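Beneath this line is the structure, given in structure tokens, with notes to follow.
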Amino acid sequence: MTTTSWRAPAVTMIAVLGTWFTAWRLEVALGLHLDVVVLATVLAVTLARVMAKERPRVAAPYLLRVAALPLIALAASEVGRLLAHHQVLGGAAFVAILAGAVYLRRFGAWWTRLGTLASLPFIALLVVPVPVGAATARTWWPALFALVAFGWVLACQLLAWATGFVPMPREAQGSVSARRPGRLAPSTRMAAQLAVGLAVSYVLGRWLLPDHWPWLVLSCYVVCSGNRGRGDVLHKGVLRLVGALAGTAVATLVAGRLVAGDRWAIVLLFAVMAVALWARERSYAYWAAGVTAMVALLHGYVGVGGAGELGERLVGVALGAAIGVLVSWSVLPIRSRDAFRKRRGEALMALKQLRDALGRGDGAASVAASERRFDAAVDQLVLLEPLWRLHARVRPQHARELGEPAVLIRRLVELRADLAVLPPEQALARASAVLRQSVSRGKKVTGVVQRDGSSSAS
């Protein structure tokens, strides 16, 4: 974790606190309900992470997604009403929308971002500790509060970028390789897994824990979402389970000492959020602990649950995580080695294109575009690094057979840092050497870069 890793969480916290205060004052002035305040606050947290990865621009694709946000918030409010009053219909709509948001990824980067944006208000429904209020249901208020969250996040990030407090994100790049014909796209597999997992956790939660079913569904969602292979799901599932259990237990006991409406619960909630945002990059377990602790504190603030219901909450979290892992391993599973080989092939293909651009002496714009593609591909590989570091310790022989994934990822990360400071001639030599070593090692396994620019592991 770098010495400046606190800056992005600080920007997020300022946006969240601004959103919360504005939403709270509006809720009081307009005589609304707590649900819109929670919706706006949760949206600010999640929007900050999504929007930090893309530069805002006055262009149709970006503006269309922005325009869709309030409409999505309205749809989420309606689904929340259905979940409270029409359980079967509401559950079916909830599962279909979240699974559909993942399925959209197969159509490209723009649809991927739209699907991510669309899922955020629906995840907020699992956090709201009370049903959608009569003052909010079937009104335009959720759209207004969604725009409040968006406005605060955008303003804070623009100010942070303009002042250099946090670096401007790189231009988004698409994938450099295509899916092998005849195979289901990973997004299709993930959508099917998420649909089954959410449906099972929803039905089981309504049956076993009717007052705490969102704990199962939320736990299942965080385990199934972002599936990068069976090993990755199991690894993150354990981290999320351990973190969620710890966060739930501690926060429930703390909240049990506070009376409903005690504002110290809100102070503690935001303190936990700040620490969790800062520690998230070190391990997802900290974020999982923080999220579940915040939900428990929020429930305590409104008088829902308490220390006496700690056992039910822990059971719900554990069951949801177990369902997520089992579904990801049994329904159209994605092998971890396939996920690695695909991303490895994309990274090496991007490196080859960068090397060729440097070798031809292309202009600065062309070289910069190649560098951005390489950066984006390495970013995707880095997401797999924790799993493969653990894999190298647990199964060193298997890791060697796969070409030492953790070593390759670290080599490409170091190369990316070197290329940012080396002159063109040295950058060309360094890129050529790393590419030669990586491809030579990769010939022992599938997924090597082909002459035609494709990856056999795509």
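Summary of computed values
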{"item": "Any hit, the stretch 225-244, residues being surrounded by fewer than 18 Cβ atoms within 10 Å (Cβ to Cβ) and at pLDDT below 80", "result": "yes"}
{"item": "Odd one out for Ser330 among (1) without any contact (Cβ under 8 Å) to a residue 12 or more places away in the chain; (2) not assigned by TED's automatic domain parsing to the domain that holds His212", "result": "(2)"}
{"item": "Hits in the stretch 166-207 - residues which are over 24 Å from the mean Cα position of the chain (by Cα) and at pLDDT below 90", "result": "Arg180, Pro181, Gly182, Arg183"}
{"item": "Verdict on Ala251 being assigned by TED's automatic domain parsing to the domain that holds Val291, crowded, with 23+ Cβ neighbours inside 10 Å and at pLDDT below 80", "result": "yes"}
{"item": "Looking only at the stretch 239-265, and only at residues there that are among the β-branched types (Val, Ile, Thr) and touching a residue at least 12 places away in the same chain (Cβ under 8 Å), the one that is nearest to Thr292 (Cα to Cα)", "result": "Thr248"}
{"item": "Condition met for Leu402 (buried (at least 19 other Cβ atoms within 10 Å of the Cβ), outside the structural domain of Ala109 (by TED's automatic domain parsing) and at pLDDT 85 or above)", "result": "no"}
{"item": "Cross-chain or 6+ apart pairs with Cβ under 8 Å, the stretch 303-321 first and under 14 Å from Ala265 (Cβ atoms), then among the acidic types (Asp, Glu) and modelled with pLDDT of 65 or more", "result": "Gly305/Asp211"}
{"item": "Search result, residues across the stretch 3-48 that are among the aromatic types (Phe, Trp, Tyr) and either buried (at least 18 other Cβ atoms within 10 Å of the Cβ) or under 21 Å from the mean Cα position of the chain (by Cα) (or both)", "result": "Trp6, Trp20"}
{"item": "The lone exception for Ala135 - which of (1) in contact with a His (Cβ under 9 Å, 6 or more places away or on another chain); (2) modelled with pLDDT of 90 or more it fails", "result": "(2)"}
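The values are calculated or read from the model by the stated rules, or taken from the named source; none is laboratory data. Quantities reported herein were computed from a predicted structural model and do not represent experimental measurements. Reconstructed Cβ throughout: ideal geometry from the backbone, glycine too, with neighbour counts over all protein chains shown.
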